1. Please tell me if Ile70 is of a type in the set (Val, Ile, Thr) and modelled with pLDDT under 95.
2. Consider only pairs whose beta carbons are under 7 Å apart and that are at least six residues apart or on different chains; among these, list those whose first residue lies in the range 55-71 and is in contact (Cβ under 8 Å) with a residue 12 or more places away in the chain and whose second residue is surrounded by fewer than 17 Cβ atoms within 10 Å (Cβ to Cβ) and charged (D, E, K, R).
3. Considering only the range 64-85, how many residues are crowded, with 18+ Cβ neighbours inside 10 Å and outside any helix (DSSP H, G or I)?
4. Among the residues of the range 5-28, what is the count of those that are within 10 Å of the chain's Cα centre (by Cα), closer than 14 Å to Leu73 by Cβ and not β-branched (Val, Ile, Thr)?
5. Among (1) in contact with a Lys or Arg (Cβ under 9 Å, 6 or more places away or on another chain); (2) closer than 20 Å to Arg75 by Cβ, where does Asn33 come up short?
Amino acid sequence: MENELLDILQRVLKQEHEVLASLGPDEDLIEYNLNSILVVELVVELESGFGIEIDDDDLLTENVSTLRRIADLVRKYQQINRIGG
């Protein structure tokens with residue numbers, strides 16, 4: 001999942017892959033130009049890339065502000081899909 005996340009972040013944040021790969025799991029992506037407009041683009045890319053549908057209630061910058069939070073969000077919706085929710 002990590003490589004897919006980094007590829008998506010590279011496209012959305014327009015940052016070099018090496019820069020993103022060096023991020024810690026809790027490093028704030030706002031420092032790398034994440035803003036409310038890019039949050040929407042990021043969520044669309046996550047949905048497409050991972051075959052999930054993220055509820056509007058989870059369209060918050062805080063839910064995608066770090067690599068760990070993004071991975072947790074994707075896992076949450078992958079789990080919901082497996083359960084059939």
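The values are calculated or read from the model by the stated rules, or taken from the named source; none is laboratory data. Since the structure is predicted, the reported quantities are computational estimates derived from the model, not experimental observations. For neighbour counting, all protein chains shown are included, and Cβ atoms are generated from backbone atoms with ideal geometry for every residue, glycine included.
1. Values: of a type in the set (Val, Ile, Thr): yes; modelled with pLDDT under 95: no.
Criteria not met by Ile70.
2. Between residues of the range 55-71 that are in contact (Cβ under 8 Å) with a residue 12 or more places away in the chain and residues that are surrounded by fewer than 17 Cβ atoms within 10 Å (Cβ to Cβ) and charged (D, E, K, R), the close pairs are Ser65/Asp28; Thr66/Asp26; Thr66/Glu27; Thr66/Asp28; Arg68/Asp26.
3. Residues in the range 64-85 being crowded, with 18+ Cβ neighbours inside 10 Å and outside any helix (DSSP H, G or I): 2 in total.
4. Taking the range 5-28 as the starting set, the residues that turn out to be within 10 Å of the chain's Cα centre (by Cα) are 5-6, 8-9, 12.
Narrowing further to those that are closer than 14 Å to Leu73 by Cβ: 5, 8-9.
From the residues that got through so far, the ones that are not β-branched (Val, Ile, Thr) too are 5, 9.
Final tally of qualifying residues: 2.
5. So Asn33 meets the others, but not (2).
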